[in-house]
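The values are calculated or read from the model by the stated rules, or taken from the named source; none is laboratory data. All figures in this text were calculated on a predicted structure; none of them were measured in a lab. We place every Cβ from the backbone using ideal geometry, glycine too, and count neighbours over all the protein chains shown.
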Amino acid sequence: MRNSYKMNRHKLFTCSRLRSAYLCVFIFAFALTEIGRYIYRPFVYESGLDDFGMADTMGNHLGAVTLVFFILAVMNATRQEALIVIATVTMGYVGYEFIQQALPGFTFDLKDAIASIIGGTISLLLFLVTYRLVGKWDSM
């Protein structure tokens, strides 16, 4: 039985428009995460603004998008593989929040768990849009 999720040399070194699109989304999400971490978060804290916890949970919702699209670009993921990656990363982020209860010095934060689910949903929506716009060009 052939394992379709196994990485092979051809798939690893194949350039495609979809892989390039995954890479562009990754770079954009990473840039937003870093801008949020080093510019937005200090501004919100210093100004005393109430941004509904966005500054606190930025690493979860934007970090999930960044990680998903990094993995998709490295894997050169198919549609089915991408859906598995999105689900796995989202469950991993949420699971980590729950595991933190048992770790010394860490605490569970419901806002972070919710932000992780939002990040997974954003990842799914971005993937579906990207795949619909760019994926059809790779099959031609």
**OP:** Can you confirm whether the range 45-60 contains a residue that is at pLDDT 90 or above and hydrophobic (A, V, I, L, M, F, W, C)?
**Re:** no
Original post:
Taking only pairs six or more apart or across chains, which ones have beta-carbon atoms under 8 Å, a first residue in the range 72-96 that is within 13 Å of Leu23 (Cα to Cα), and a second residue that is among the β-branched types (Val, Ile, Thr)?
Top reply: Leu72/Val85; Met75/Val85; Asn76/Thr14; Ala77/Ile71; Ala77/Val85
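Would you mind finding the one in Phe127, Phe108 that is out of contact with any strand residue (DSSP E or B) (no Cβ under 7 Å at 6 or more places or on another chain) and in a loop (DSSP other than H, G, I, E, B)?
Phe108
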Original post:
Tally time: how many residues in the range 17-51 are touching a residue at least 12 places away in the same chain (Cβ under 8 Å) and under 15 Å from His61 (Cα atoms)?
Top reply: 10
Original post:
When only residues in the range 34-68 that are loosely packed, with under 15 Cβ neighbours inside 10 Å, assigned to a helix (DSSP H, G or I) and among the aromatic types (Phe, Trp, Tyr) count, which is nearest to the chain's Cα centre (by Cα)?
Top reply: Tyr38
**OP:** Among the residues of the range 57-93, count how many are closer than 23 Å to Arg37 by Cβ and hydroxyl-bearing (Ser, Thr, Tyr).
**Re:** 4
